[in-house]
Amino acid sequence: MDNFFDNKTRKVGDDLSLSVSKDAKVRVSANLFSIYGFEALKRQLKQIDSFHFIYSTPTFLKEAKEKKQKRQFSIQFPAERAVAGTEFEINLKNELKGRAVAKEAQRWIEQKARFKTNTSNRYIQPQTIIEYHDNAFFYNGIDEFSSAGLGFESDNSMLRQIIKVPDHTAAKQAIQQFDDVWNDTESLDDVTEEVSEFIANLYKENSPAFVYYLTLFKIFDEFLEDITED
């Protein structure tokens, strides 16, 4: 029971806040990454050694010819939009806080994090692995690195099962498998620069991207209120 989380009565984020220690190496594969997931654990994440994140589905992809040109973002997937915050993080969003969180997250990425994306049609299981010194363990079932995915905000899940595997031997095997995928240049592309630039655009003064997302989530929030009233 101690290693089972449903993000309702037991939140996996609470366990991570106690488990992520200084100089840890954190490996994550998930559907999406949100700056508010970073904010929820920023005290711990600022002290880690490294953060490797794999988008389990193609995200922030560009054609090779586009990479040679001036970067222009074409946000096509929910996972890309979710970097600025998911639909379940509406109450965290306001212009002042959003810019501050984005700026802090972008600076942290430059120092600690790398992002890669799955470019294939092959399945990558969501997992979060923590390794430090001679200890290692991992979580299965954290499908998004956001405040909602960590259990700090409510989402629309009816049934969620996140399991912590404290077995050191199993964790070492998980690390080896993750690193094998991480180093597979045929199946993954490095999108660290794309993620970092997208976040940087969020805190620029009068950023069109930031205004767009504030407006988008305001409309969504009003829509939810109308449904509730009906």
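Per-structure values
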| quantity | calculated |
| --- | --- |
| Potential lengthening between residue 161 and residue 6 on full extension [0.36 nm per residue; Cα-Cα distance subtracted] | 55.3 nm |
| Residue 46-residue 140 FRET efficiency (beta carbon distance; Förster radius 30 Å; 0.05 resolution) | 0.70 |
| Nonlocal amide H pairs with residue 24, under 5 Å, H built at 1.01 Å | 49 |
| Projected label distance in nm at residue 197 and residue 112, using a 7 Å step from Cα toward the beta-carbon | 2.5 nm |
| Pairwise FRET efficiency - residue 99 versus residue 25, Cβ, R0 = 30 Å, nearest 0.05 | 0.50 |
| FRET efficiency for residue 190 and residue 17, using Cβ-Cβ distance with R0 set to 35 Å, rounded to 0.05 | 0.75 |
| Potential extension, residue 204-residue 168 segment - 0.36 nm per residue separation minus Cα distance | 8.6 nm |
| Per-residue SASA entry for residue 33, accessible area with 1.4 Å probe, Å² rounded to 10 | 0 Å² |
| For region 92-202: accessible area per residue (Å², 1.4 Å) | 50 Å² |
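The values are calculated or read from the model by the stated rules, or taken from the named source; none is laboratory data. Computed from a prediction, not measured in an experiment: that's the story for all the values here. Neighbour counts run over all protein chains shown; Cβ positions are idealised from the backbone, glycine included. Quick note on the areas: whole protein, heavy atoms, side chains included, nothing else; ligands and nucleic acids left out. Shrake-Rupley method; radii C 1.70, N 1.55, O 1.52, S 1.80 Å.
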